[in-house]
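Single-structure report; data block below.
The values are calculated or read from the model by the stated rules, or taken from the named source; none is laboratory data. Remember, predicted model here, so these are calculated numbers, not experimental data. Neighbour counts are summed over all protein chains in view; Cβ atoms, including those assigned to glycine, are modelled from backbone coordinates with ideal geometry. SASA here: full protein model, heavy atoms, side chains in, ligands and nucleic acids out. Shrake-Rupley method; radii C 1.70, N 1.55, O 1.52, S 1.80 Å.
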Amino acid sequence: MARQALDILDTLNAQRQMYRSAAISSVYARVRQLAHLATGAADHLLTGAEILDATGAGLPVEIDASLLVTLTDQQARWEAGRRVALVTHLTALGADDALATAELFVTERSHRGFPPLHHPPALTAAQDAALRAVARGDVTISRDKPFDRHENLRVSISTIRALEARRLVGREKFPEWSHYERVHLTPEGCRDLAASFCRPKAPTLTTTRPAAVLPKATAGRSR
């Protein structure tokens, strides 16, 4: 993740005629932040792995820059778990922010006269919502039934299959002991989702009834 974020910065810097508007400056700041968070997360994971390996070999380990201590297996697992929890907190909003940053970049560039070269795909509202949920890493499948982390969104298996048929998403199995599958974007899915960011939003339908037409008053008869 850290390497990819830094690669994105290199790609942005290589863009010609990049007008550094407030939106583009925000994109740079968000990508740098993602790179720092991903680097910190990787450090915590590596430290956790080193603690488990050293304890398994009966070697002392350094905990939070303190003196070397020899841990029991239970203590080592707790220390490693604490670092995994830190990684979870550091990356909790990473996918959502990355998606929002990508949409901000594409939209701003389109307004400046540089729309995506790829034509936006024709997606139903359900497919568009599902594609965004997959981009956030929110969709998993268990026994052919999708689950989404957001309570206000439901993704159906028929929508996932429709996106799979168009090669926009794929499935990745969890370890063998688990029956879950993670749904992820394919390169084509990334391309089509990015192209859809600058697509005009559909008008919101209203349920307000038109005002009733009152009958015109008729002139009274003269007696």
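Numerical summary
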| item | result |
| --- | --- |
| Close pairs from the stretch 70-99: first under 15 Å from ALA38 (Cβ atoms), partner basic (Lys, Arg) and assigned to a loop (DSSP other than H, G, I, E, B), Cβ under 7 Å, at least 6 apart | ALA95/ARG136; ASP96/ARG136 |
| Checking ALA29 against (1) touching a helix residue (DSSP H, G or I) at 6+ places or on another chain (Cβ under 6 Å); (2) surrounded by fewer than 18 Cβ atoms within 10 Å (Cβ to Cβ), the condition it does not meet | (1) |
| Residue ID - nearest to SER25 (Cα to Cα), chosen from residues in the stretch 82-101 that are open to solvent by less than 40 Å² (accessible area, probe 1.4 Å) and not charged (D, E, K, R) | THR101 |
| Subset of the stretch 4-45 that is within 17 Å of the chain's Cα centre (by Cα) and basic (Lys, Arg) - its residue that is nearest to PHE105 (Cα to Cα) | ARG30 |
| Checklist (1) closer than 21 Å to PHE197 by Cα; (2) free of Cβ contacts under 8 Å to residues at least 60 places away in the same chain; (3) among the small types (Gly, Ala, Ser) applied to ALA102, failing item | (2) |
| Qualifying residue in the stretch 108-115 (condition: in contact (Cβ under 8 Å) with a residue 24 or more places away in the chain, closer than 26 Å to LEU45 by Cα and surrounded by 14 or more Cβ atoms within 10 Å (Cβ to Cβ)) | no |
| Hits in the stretch 167-181 - residues which are at pLDDT below 90 and either closer than 28 Å to PRO116 by Cα or surrounded by 12 or more Cβ atoms within 10 Å (Cβ to Cβ) (or both) | PHE174, TYR180, GLU181 |
| Single residue of the stretch 99-122 satisfying the filter (modelled with pLDDT of 90 or more and of a type in the set (A, V, I, L, M, F, W, C)) that is nearest to the chain's Cα centre (by Cα) | LEU99 |
| Total residues in the stretch 157-166, condition outside any helix (DSSP H, G or I) and either modelled with pLDDT under 90 or under 11 Å from HIS184 (Cα atoms) (or both) | 0 |
| THR140 vs. criteria within 28 Å of HIS44 (Cβ to Cβ), outside any loop (DSSP other than H, G, I, E, B), open to solvent by less than 50 Å² (accessible area, probe 1.4 Å) and among the polar types (S, T, N, Q) | yes |
| Breaking point among (1) of a type in the set (A, V, I, L, M); (2) closer than 24 Å to VAL183 by Cα; (3) surrounded by 15 or more Cβ atoms within 10 Å (Cβ to Cβ), for VAL61 | (2) |
